[in-house]
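Everything below concerns the one structure shown next.
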Amino acid sequence: GGKMNYETIIFEKKAGWALITLNRPDKLNALNKQMFDDLDDCFKLVQHDPEIKALVLTGSGAKAFAAGADIKELHESDGITGSFFSAYGSNVMKRLAQMNIPTIAAVNGFALGGGCELTLACQMRFASENAKMGQPEVNLGIIPGYGGTQRLPRIVGKAKAMELILSANMVDANEALRIGLVNAVYKPEELMAKVEEFVYLLLSKGTLALSAAVECVNASEYLSELDGLHYESKVFGRTCGTEDFKEGTKAFLEKRKAEFKGK
Ligand code: COA
């Protein structure tokens with residue numbers, strides 16, 4: 001284990017996984033430049049730490065995951081700095097989206113604008129009953145700038161994404177569940193325990209197989225179906241060369257539980 005405090009986030013290394021808590025609760029964890037810097041540093045650290053086999057993101061306080069990009073900072077932008085603002089944040093989100101380990105957003109309240117986009121850059125979203133999600137940017141005269149127009153349609157479909165982005169309407173947790181925006185909904189006081197339980201379920205599997213699966217499912221977003229199938233076969237072959245594969249299949253044949261080593 002171990003805990004590291006950045007200026008705007010808290011990083012905690014747990015047994016086999018890590019937790020990042022967005023930590024500007026008095027501003028509903030709004031994402032300012034410093035938070036993007038901190039997240040980028042932290043994501044690099046996670047990427048390069050072989051002991052971290054899953055990553056969870058959440059927000060501090062009872063009200064918000066993150067209520068969006070910091071509107072005070074954003075207000076200073078113009079046509080030129082605005083595109084840098086978006087490109088910078090978008091790259092941080094990309095670093096998260098491209099991680100080869102399972103990533104989960106524990107959505108503990110408002111996830112709006114950039115906050116919603118940060119959850120979209122995670123592979124899975126678990127929400128508390130009080131979660132409210134949406135892309136309210138058009139209310140500010142702008143559009144989602146951290147991947148919302150690209151990732152939201154892939155998750156909920158084009159028509160629903162269009163509705164959410166054009167109307168700026170928020171969805172509550174149950175509606176988010178219904179449209180496939182979140183994987184599950186729990187009582188606020190149970191959210192983190194349920195997420196942890198799920199993380200430990202994943203960690204009980206062969207972690208090389210997990211990251212191989214993550215790699216292939218992620219690749220489905222940018223490869224054609226045909227290229228994706230080739231890619232899958234290649235990575236499948238790679239998993240067949242692991243000790244975990246020998247152990248997993250042997251354990252099945254011996255009618256016992258597999259003991260994976262991540263090798
Ligand atoms: N950027 C900067 N500050 C923000 C923020 C944001 N995106 N969202 C909330 N805050 C700040 C508020 O300004 C307030 O700060 P203050 O106490 O110094 O005045 C504090 O966080 C608490 O927010 P408040 O609006 O008082 O809470 P609320 O419960 O009344 O409303 C929301 C909650 C989420 C509905 C409301 O904060 C909101 O609409 N936020 C902006 C959402 C948005 O448009 N995000 C997209 C940005 S691109």
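Quick one: what does P(r) look like for segment 167-263 with 10 Å bins over all Cα pairs, in whole %?
That works out to 14, 27, 30, 23, 5, 1, in percent per bin.
Looking only at the chain, where both bridge partners belong to it, what percent of the DSSP beta bridges are antiparallel (to the nearest 5)?
Roughly 35 percent of the beta bridges in the chain run antiparallel, per DSSP.
Need one value: the accessible area of Phe245 in square angstrom, 1.4 angstrom probe, rounded to the nearest 10.
Accessible surface of Phe245 is approximately 70 Å².
Can you pull the Kirkwood radius for the chain, inverse mean 1/r over Cα pairs, to one decimal in Å?
About 19.2 Å, per the Kirkwood formula over Cα pairs.
Round to the nearest 10 and report in Å² the accessible area of Leu203, as given by a 1.4 Å probe over the protein chains' heavy atoms.
Answer for Leu203: close to 40 Å² accessible.
Over 18 Å apart: what share of the alpha carbon pairs of segment 1-64 falls there, rounded to a whole percent?
In whole percent, the share of Cα-Cα pairs in segment 1-64 beyond 18 Å is 31.
Tell me which residues come under 5 Å, amide H to amide H, from Tyr186 once H is placed; ignore anything under 5 positions away on its chain.
Amide H to amide H, under 5 Å and 5 or more residues apart or across chains, Tyr186 pairs with Ala127, Ser128, Glu129.
Give me the three principal axis extents of segment 42-103 from the C-alpha atoms, as integers in angstrom, largest value leading.
42, 30, 14
Across bins of 5 angstrom width beginning at 0, how are the C-alpha pair distances of segment 1-146 distributed, in whole percent?
Calculated over all Cα pairs of segment 1-146, the distribution is 2, 10, 21, 24, 21, 13, 6, 2, 1, 0 percent.
Keeping all protein chains in place and using 1.4 angstrom, which order do Arg95, Arg178 fall into by accessible surface area, from largest down?
Listed by decreasing accessible area, they come as Arg178, Arg95.
So for segment 76-202, considering every pair of alpha-carbon atoms, how many percent are separated by more than 26 Å?
20 percent
Let me check something: with ligands and nucleic acids excluded, how do Met99, Met170 order by accessible area (1.4 Å probe), largest to smallest? Provide the component values of the computation, followed by the final result.
Numbers: Met99 5, Met170 95 Å².
Putting Met99, Met170 in descending order of accessible area: Met170, Met99.
Let me have the relative contact order for segment 1-66, percent, based on Cα pairs under 8 Å that are six or more residues apart.
Taking the mean separation of contacting Cα pairs over the length of segment 1-66, I get 38 percent.
³J(HN,Hα) across segment 213-221 via Karplus (A = 6.51, B = -1.76, C = 1.60, θ = phi - 60°), whole Hz, x for Gly/Pro?
5, 4, 4, 6, 5, 4, 5, 4, 7
Determine the share of segment 1-68's accessible area contributed by carbon and sulfur atoms, expressed in whole percent, with a 1.4 angstrom probe.
Details: 1410 of 2850 Å².
Carbon and sulfur atoms account for 50 percent of the accessible area of segment 1-68.
Could you give me the percent of Cα pairs per 10 Å distance bin for segment 204-251, shortest bin first, beginning at zero and ending with the bin that holds the maximum distance?
In whole percents, the pair-distance histogram is 27, 47, 22, 3.
With no solvent and one point per C-alpha, what does the Debye sum give as log10 I(q)/I(0) for segment 98-151 at q = 0.12 Å⁻¹?
-0.27
The values are calculated or read from the model by the stated rules, or taken from the named source; none is laboratory data. Not measured: the values here are computed from a predicted model. Only protein heavy atoms, including side chains, enter the accessible area calculation; ligands, DNA and RNA are left aside. Shrake-Rupley method; radii C 1.70, N 1.55, O 1.52, S 1.80 Å.
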